[in-house]
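Read the structure below first, then the notes.
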Amino acid sequence: MLVAAAVCPCPPLLVPPVAAGAAPELDGARAACTDALGVLAAARPDRLVVVGPAEQSGRGPHPQGARGSFRGFGVDVDVRLGPERGPVPERPLPTSLAVAAWLLDRIDWSDAPIEGLGVGEPLEPERCIQTGRGIAARAERVALLVMGDASACRTLKAPGYLDERAAPFDAEVARALGAADVAALQALDAELAYELKASGRACWQVLAGAAEGADLGGSLLYEDAPYGVGYVVATWS
């Protein structure tokens, strides 16, 4: 059963060496993510599942101890998804889960075993919801760390250029995440999310499936679009 969840954005810029001189611009987001992870730890889960968007090569399960790297972004920073347990898998973490591993390492997570799941952004809503239901059934007390960004079309300089639909979409996402509104997340328009380059849509719908019947309350900790991309941090408990 799902007992707690944290929703965080997953730009590599959250990792200060990647952001370099621009690192202070996301200090607020980093602080909010740290607070959100504290809510997960306080829930004392039996298992933590980290879910994040992934390209084809990074989809599917990633066991505890899986490694990731930010060398592709020009910095010598390696991460690991929790303490090693057995042989280290060769398949690297997708970027979203590498960011999650970096966040977890900041708080020295050791409260529960960890597993990662890379989710394809095109995954149909019903399959996302079914995946979430399966995650919630894995242990008596499950916590979720859900990585993903909102639209990438908030400004003219945004990765997806300016789209007037982006701000209303992001506002509804932030409202639903902050209110733990399961039905609203399940009803998110997958096609619109794709057009707005919202990488978190599928992962939020996994959360919505996991949270069915859990009666959790939500709290919105952070919402901004500093680079024309919507970043949201929220907790459910």
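Excluding ligands, DNA and RNA, the accessible surface per residue across segment 14-60 is 41 Å² with a 1.4 Å probe. Compute the Cα gyration tensor for the chain, then decide on rounded, prolate or oblate, letting a ≥ b ≥ c be the square roots of its eigenvalues: rounded whenever a/c is under 1.5, prolate when a/b is larger than b/c in the other cases, and oblate in all that remain. Note, shape of the chain comes out rounded. With springs only between Cα atoms under 10 Å apart, run a GNM on the chain and tell me which of V18, V206, V99 wobbles the most. Of the options given, V18 has the highest mean-square fluctuation.
Of the residues G228, G178, G200, the one whose Cα sits farthest toward the positive end of the charge dipole of the chain, with +1 on the Cβ of Lys and Arg and -1 on the Cβ of Asp and Glu, is G200.
What is the dipole size for segment 1-89, taken about its Cα centre, with +1 at each Lys and Arg Cβ and -1 at each Asp and Glu Cβ, in debye to the nearest 20?
Working: 8 positive and 8 negative charges, 64 e Å.
The calculated dipole for segment 1-89 is roughly 300 debye.
The residues of segment 134-237 present an accessible area of 40 Å² per residue when probed at 1.4 Å with all protein chains retained. Per-residue ellipticity at 222 nm, computed for the chain from helices alone with -39500 (n - 2.57) per DSSP H run of at least four residues, works out to -9500 deg cm²/dmol.
What is the percent carbon and sulfur in the accessible area of the chain, measuring with a 1.4 Å probe over the protein chains and ignoring ligands?
Details: 5100 of 10130 Å².
Heavy-atom surface of the chain belonging to carbon and sulfur, 1.4 Å probe: 50 percent.
Taking the Cα centre of segment 24-69 as reference, the dipole from Cβ charges on Lys and Arg (+1) and Asp and Glu (-1) amounts to some 260 debye. Can you give the net charge of the other residues whose Cβ lies under 12 Å from the Cβ of D111, counting K and R as +1 and D and E as -1? With Lys, Arg at +1 and Asp, Glu at -1, the neighbours total +1.
Rounded to the nearest Å, what's the spacing between the alpha carbon centres of segment 161-234 and segment 34-94? Just the number, please. Here the answer is 22 Å between Cα centres. Charge tally for V142 (other residues, Cβ to Cβ under 12 Å; Lys, Arg +1; Asp, Glu -1): +2. For the chain, a simple Cβ point-charge model (Lys and Arg +1, Asp and Glu -1, everything else neutral) yields a dipole of about 480 debye relative to the Cα centre.
The values are calculated or read from the model by the stated rules, or taken from the named source; none is laboratory data. Only a predicted model underlies this, so the values are computations on that prediction, with no experimental measurement involved. So basically every Cβ, Gly included, is an ideal-geometry build from the backbone, and we count neighbours across all protein chains shown. What goes into the accessible areas is simple: the full protein's heavy atoms, side chains included, and nothing from ligands, DNA or RNA. Shrake-Rupley method; radii C 1.70, N 1.55, O 1.52, S 1.80 Å.
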